[in-house]
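What follows is a set of notes on a single structure, which appears directly below.
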Amino acid sequence: METPTDGCLLRIFLGESDKYGKIPLYEWIVRQARDLDMAGATVLRGIMGFGPNTRTIHTFKIERLSEDLPMIIEIVDTVEKIEHFVKYIDWFIKSGLVTLEQIHVKMYRHLGK
C-alpha cells in the first residue's frame, strides 16, 4: 500500500495453543504475510475469551494461567491482496474465526533505508 486508499482489515481469531507443525499458528501466519509482502500485521493476545468449541472462559489471572488464551491477528492491505492471502491460509486454520472489514487508510508511512 503506497498511498492512502480504500483497503481491507483482516482479523483472524485463534487459540494460543493452535499450531502449524511445532510453531504457533499465529506466528506462521504473520511470517507468511511478511513473505507475501503484505502491508503489515500485528498479533494481539487476549486476556479473556471463549469460543464455539468450549463455553469455558479462558482468562489470564495470576492464580490460574490459561494455556489457550485468544490470539487476534490483524493484517491490513488492499482487498485483492487480503482475499488472496485468506485463500492461501484457509486450509491451515482448523478452528477459529476470520473476518474482513472495508477500511479507508488515512496514512501509511515508513522510514526508507
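Miscellaneous remarks
- Amide H contacts under 5 Å for Y20, placed H, 5+ residues apart: L25
- Peptide ranges 90-97, 39-46, 102-109, 25-32 listed from the most packed, as the mean C-beta count within 10 angstrom indicates: 25-32, 39-46, 90-97, 102-109
- Simple spin-label estimate for H110 and T5 in nanometres, 7 Å along Cα-Cβ: 1.5 nm
- Placing dummy labels 7 Å off each Cα toward the beta-carbon, the span from V86 to L36 is 1.1 nm.
Readers should treat all values here as calculations from the given coordinates under stated rules, not as data from a laboratory. These figures come from a predicted structure and were not determined experimentally. Cβ atoms come from the backbone with ideal geometry, glycine included; neighbour counts cover every protein chain shown.
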